[in-house]
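In what follows, a single structure is set out as structure tokens and then discussed.
Since every read-out is calculated from the coordinates, none of them should be taken as a lab result. Remember, it's a predicted structure, so these values are computed and weren't measured experimentally. Note that we place each Cβ from the backbone using ideal geometry, even for glycine, and neighbour counts take in every protein chain shown.
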Amino acid sequence: MGSRMRRLPSAVPLMVSVVVVAGLTSCSGGEDKKDTSETTARDFLSAWQSGDLTKAASFTDNPATAKQALDTTSKQLGIAKAEYKADSYTKGKDNAPATLTYNATLTLKGVADPVKIASTVPIVTANGKTTVHWTQTIVHPQLADSGKIKRDRTLPKRGEILDRSGKSLATTTPVVALSLWPAKITNADALYAALSDPMFDLDIPKLKGRVAAADPNQSLPLVTLRKEKWDGGGQVKLAGLGGIQVKEGATQSGDVAKQIVGTVASGDNADLLKNADPSASSADQVGASGLQYRYEKKLAGVADLKITVVDAGGAEKATLVDVKGKPAESLKTTLDPGVQDQAEKALKSVTGGNNASIVVLDAKSGGILAAANTPSNGDNRAFTGRYPPGSTFKTVSSGALLQAGIKPTDKVPCDNTLVVNGQTFKNYDGLKPMPEALFQDDFAQSCNTAFIGNRAKIQNDTLNKLAGDQFGIGAKWDVGTVTFDGSVPPANGENDKAASMIGQGRVLASPLVMASVAATIASGKFNQPVLAPDDVPGRVPSHPLDPSIAGQLKALMQGVVANGSGKMLQGIPGTVGAKTGTAEFDEKGETLTHGWMIAFKDDVAVAVLVEKGKSGGSAAGPVVKAFFG
């Protein structure tokens with residue numbers, strides 16, 4: 001019989017997982033009584049449907065060949081679920097075998113619609129034993145015993161990650177993908193010895209296990225090398241060794257903002273493959289980190305796929321799947337390579353080996369212009385770090401106090417220490433008491449006791465509400481990559497409120513969050529930070545900063561540069577404001593500090609964190625100066 005089929009989206013060959021579908025029903029061609037031949041054929045279909053290919057093959061007159069063929073074709077098709085329904089039985093006569101026709105409905109991995117196939121199971125009786133006569137036409141009526149299922153899959157060129165002006169942030173690098181065809185291995189010992197060279201970075205015992213468990217005629221991905229590395233030595237090491245397959249291609253590697261742009265890696269990593277389109281193959285290069293991972297489906301597109309039945313000479317006999325994929329798309333970002341370079345240089349030049357992070361924002365839009373960390377590997381702490389923000393958070397608590405009625409010119413004395421329920425709070429070393437201080441002086445000099453002493457003017461949940469409502473802190477930000485968006489819990493008592501006033505206790509923020517605070521004050525409007533503005537469906541809506549505090553907060557930050565702990569930024573042209581912060585934390589029973597500074601210059605806002613920095617002014621201040629200078 002002929003085949004019946006639909007045109008479908010792409011598929012990927014994976015191990016078969018066949019689900020039993022109850023009730024193999026059929027008519028019996030007018031016969032009321034099933035004979036042995038029909039029962040045998042039905043038992044074969046039932047075992048095949050259940051996924052027990054060994055049992056299915058046992059009903060044939062050539063179990064070994066049938067088992068291998070059933071297993072191979074299942075993997076070639078990438079069957080996820082199969083249903084085989086018996087149709088009509090014809091009793092054998094003369095020299096013709098009995099036959100049972102059936103209709104198959106196959107769900108293939110990564111393919112939305114099922115493939116329909118109609119074929120026939122022949123049954124013979126010899127020496128008193130009834131068996132299914134094995135032939136590959138059982139799988140498909142045009143699949144000869146010398147033929148095979150052929151899969152042609154063409155990947156689109158991967159989309160690029162672009163900077164704010166539309167230029168690529170990643171370099172396309174020629175690579176060579178190596179795979180292994182087990183059936184063509186001629187000298188296994190020599191092959192494994194060559195592949196054990198460190199340049200291939202392979203676990204040979206694990207590879208041997210993969211080969212032993214694999215279909216001999218299915219390609220196993222090995223490793224992807226830069227073409228220059230392959231040409232410079234890899235090719236020579238594997239020359240003349242049967243079983244190696246070589247495919248040239250290209251991959252992308254970030255040149256700018258590498259931690260943000262991310263990397264691609266082999267799809268033989270199951271966790272990475274789960275993030276890709278269902279049609280992706282373990283032989284593909286897929287997003288492994290950063291934007292490459294988040295936007296894998298957009299950047300990769302979908303491969304064209306054609307699955308055909310071919311004869312021994314390769315001629316097509318039937319088409320099972322023939323679909324056009326989806327072109328890859330590029331991703332436009334807000335990153336500015338020049339600003340990124342400036343930020344990276346500022347970090348490296350002045351942090352003295354300490355872990356440090358910097359985030360730079362366009363204050364008017366919230367667009368992330370740059371972000372960097374030292375060291376530059378590992379987690380992107382600029383976005384995901386969880387740190388007490390220390391006195392940089394006084395920007396937020398100042399907003400609460402201004403709303404409560406305090407004016408910048410009100411007299412608010414600054415004492416050395418303040419005791420709250422037995423807990424002593426003090427100022428940073430070097431700050432002398434200021435009995436005649438105005439509130440704007442307390443802000444400029446970062447006086448802890450002045451802020452804590454006025455905590456009664458706000459409620460336990462005031463900072464929580466203002467941080468969220470005005471600055472977006474603690475909301476779920478959709479930036480385009482993984483971020484920590486800050487946490488300002490309602491105070492659970494006087495001591496907790498006192499600590500929160502100065503960015504300690506349970507208050508936590510990332511450098512990205514604090515850069516956003518500076519940007520909000522600079523522009524008078526909260527714009528949730530973003531990397532890919534056209535591709536973030538859940539961005540927090542923008543909103544203006546409360547006009548009763550917006551101008552005052554900006555003036556307070558400018559006062560830090562004019563008269564306070566940010567004097568090192570004096571002389572930088574433009575409208576410049578800042579806030580320093582020294583945040584205490586405990587490590588192995590010892591109290592240590594992080595150094596912070598947030599700042600703005602016209603429409604550019606920045607946050608710098610130096611881990612284990614002595615103070616914000618001494619550790620983070622020089623980085624900001626180097627960046628703006």
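Distance cut-off 30 Å, Cα to Cα: go down the list 426/588; 81/324; 258/324; 274/317; 476/614; 348/497 and report the pairs above it.
Table pairs above 30 Å Cα-Cα are 258/324; 274/317; 476/614; 348/497.
Dipole magnitude of the range 161-332 about its Cα centre, charges +1 at Lys/Arg Cβ and -1 at Asp/Glu Cβ only, in debye to the nearest 20?
In debye, rounded to 20, the range 161-332 gives about 400.
Any chance you could check the Cα centroid distance between the range 173-226 and the range 412-446 for me, in angstrom?
When both Cα centres are located, 67 Å separates them.
Where nothing but the Cβ of Lys and Arg (+1) and of Asp and Glu (-1) is charged, how large is the charge dipole of the chain around its Cα centre, in debye to the nearest 20?
460
Go through the range 100-109 residue by residue and turn each phi into a ³J(HN,Hα) via Karplus (6.51, -1.76, 1.60, θ = phi - 60°); whole Hz please, and just put x for glycine and proline.
10, 7, 8, 10, 9, 10, 10, 9, 9, 4
So what are the ³J(HN,Hα) numbers for the range 263-280, from phi and the Karplus equation (6.51, -1.76, 1.60; θ = phi - 60°), rounded to whole Hz, Gly and Pro as x?
10, 10, 8, 5, x, 6, 7, 4, 5, 5, 5, 4, 7, 8, 4, x, 7, 5
Check residue 134: other-chain or 5+ apart residues with amide H under 5 Å from its amide H, H built from backbone geometry?
Under 5 Å from the amide H of residue 134: 61, 62.
Give the aspartates and glutamates whose C-alpha is closer than 16 Å to that of residue 298, dropping any in the same chain fewer than 8 places away, or say none.
Excluding near neighbours in sequence, the set is 160, 277, 284, 329, 534, 535.
State whether the range 161-332 is rounded, prolate or oblate according to the following rule on the C-alpha gyration tensor (a ≥ b ≥ c being the square roots of its eigenvalues): a/c under 1.5 gives rounded; otherwise a/b larger than b/c gives prolate, and the remaining case gives oblate.
oblate
Taking each pair of different alpha-carbon atoms in the range 36-141 once, compute 1/r for the pair, average those values, and report the inverse of that mean as the Kirkwood hydrodynamic radius in Å to one decimal.
With all distinct Cα pairs of the range 36-141 included, I get 13.9 Å.
After finding the eigenvalues of the alpha carbon gyration tensor for the chain, what semi-axes result from the square roots of 5 times each, listed largest first in whole Å?
68, 27, 20
Please list, in order along the range 572-577, the HN-Hα scalar couplings obtained from phi with the Karplus expression 6.51 cos²θ - 1.76 cosθ + 1.60 (θ = phi - 60°), rounded to whole Hz, x for Gly and Pro.
Result, rounded to whole Hz: 6, x, x, 8, 10, x.
Could you list, bin by bin from short to long, the percent of Cα-Cα pairs of the range 80-199 in 10 Å steps?
9, 21, 20, 20, 16, 9, 4, 1
Using +1 on the beta carbon of Lys and Arg, -1 on that of Asp and Glu, and nothing else charged, what's the dipole of the range 30-183 about the Cα centre, debye to 20?
That gives a dipole near 660 debye.
So which lysines pass the test for residue 129, namely a Cα distance under 29 Å, with those fewer than 8 places away in the same chain ruled out?
33, 34, 55, 67, 85, 91, 93
What is the chain's relative contact order, in percent, from Cα pairs under 8 angstrom and six or more apart in sequence?
Relative contact order of the chain: 11 percent.
Please list, or write none, the lysines whose alpha carbon is within less than 20 Å of the alpha carbon of residue 229, excluding same-chain residues fewer than 8 places away.
By straight Cα distance, residue 229 reaches 237, 247.
So for the chain, taking the charge dipole from beta-carbon charges (+1 Lys/Arg, -1 Asp/Glu), which of 628, 378, 459 sits furthest toward the positive end?
Farthest towards the positive end: 628.
With the Cα gyration tensor of the range 337-628 giving a ≥ b ≥ c as the square roots of its eigenvalues, does the rule (a/c under 1.5 for rounded; else a/b larger than b/c for prolate; else oblate) give rounded, prolate or oblate?
Rounded, because the longest to shortest axis ratio a/c is under 1.5.
Gap in Å between the Cα centre of the range 613-629 and the Cα centre of the range 316-357?
Rounded to whole Å, the Cα centres lie 28 Å apart.
Which entries in the list 432/465; 157/184; 525/579; 167/579 go over 27 Å, if you measure between the two C-alpha atoms of each?
432/465; 157/184; 167/579
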